[in-house]
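Below is one structure; the comments refer to it alone.
The values are calculated or read from the model by the stated rules, or taken from the named source; none is laboratory data. Computed from a predicted structure; not experimentally measured. Virtual Cβ from ideal backbone geometry, glycine too; neighbours counted across all protein chains shown. The accessibility values were calculated without ligands, DNA or RNA, using every heavy atom of the protein model including side chains. Shrake-Rupley method; radii C 1.70, N 1.55, O 1.52, S 1.80 Å.
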Amino acid sequence: MPEALTLFSAVKGLVGPFGSIGKEIIKRFNQPKLACWMPLTTGRHMPAGDIPPDQGFSRAYRVEDEILWQYKLTITNNSLHTAYKLRLVEPESTHLEQIMDYTVPLEGHKSVTYAFTVIGAFDSSEEAGIAQFDYCPYEEFRIEYENASGRRFYTLFKPNEFKIELRNEYGSVK
């Protein structure tokens, strides 16, 4: 029995340093999986003309018919690993009503919701005008974040993708 204990101690002495190195390597590549969901809360047609003061836009007159989409973007961390330094990279022209706080981490299995508004040109033909409410004007959103080791990752969210399982695509930033 003492020989087995000596053998175990010898193997543990050899493997021990490599075990801790292996844990550090694995920790470096632990990717948080942030999934996005974005339901349309309001979509409305805004005809050309005066802009009501309660809309808060800097222009005083609407030259053409526009459409206003209001969404709730929910980001859920579907992993045990905390995501740090979240930021919306694309599309840059999106106006988030609630700014993504770069300093607040998103812990594992938690969610955060952001409201945002998109204003675009309105197609006045009846078919196209109604169809505009059925899709998001942006093909994809890119959200970047880091893990605890500082390695950067992203989620590419495609709101108009028909198949739900293909709406979120994950990768690492090079």
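Of the residues Lys158, Lys174, which is under 20 Å from Pro32 (Cβ atoms), at pLDDT 90 or above and either open to solvent by 40 Å² or more (accessible area, probe 1.4 Å) or out of contact with any strand residue (DSSP E or B) (no Cβ under 8 Å at 6 or more places or on another chain) (or both)? Even if it seems obvious, please write down each step before you answer.
On the way: Lys174 fails: at pLDDT 90 or above.
It is Lys158.
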Which one of these is touching a Pro at 6+ places or on another chain (Cβ under 6 Å) and modelled with pLDDT under 90: Gly56, Gly120, Gly129? Gly120
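Conditions (1) closer than 22 Å to Phe157 by Cβ; (2) at pLDDT below 75; (3) over 18 Å from the mean Cα position of the chain (by Cα); (4) not in a strand (DSSP E or B), marked per residue:
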position: Ile67; (1), (2), (3), (4): yes, no, yes, no
position: Lys72; (1), (2), (3), (4): yes, no, no, no
position: Leu88; (1), (2), (3), (4): yes, no, no, no
position: Asp101; (1), (2), (3), (4): yes, no, no, yes
position: Gly108; (1), (2), (3), (4): yes, no, no, yes
The stretch 137-163, residues that are over 15 Å from the mean Cα position of the chain (by Cα) and of a type in the set (A, V, I, L, M, F, W, C): Ala148, Phe162
Among the residues of the stretch 28-43, count how many are more than 10 Å from the chain's Cα centre (by Cα), in a strand (DSSP E or B) and either aliphatic (A, V, I, L, M) or at pLDDT 85 or above (or both). 2
Find all pairs meeting these conditions: Cβ atoms under 6 angstrom apart; at least six residues apart or on different chains; first residue within the stretch 149-169 and part of a strand (DSSP E or B); second residue small (Gly, Ala, Ser). Phe153/Ser172; Tyr154/Gly171; Asn168/Ala35
Is there a residue in the stretch 45-53 that is outside any strand (DSSP E or B), modelled with pLDDT of 85 or more and open to solvent by less than 30 Å² (accessible area, probe 1.4 Å)? no
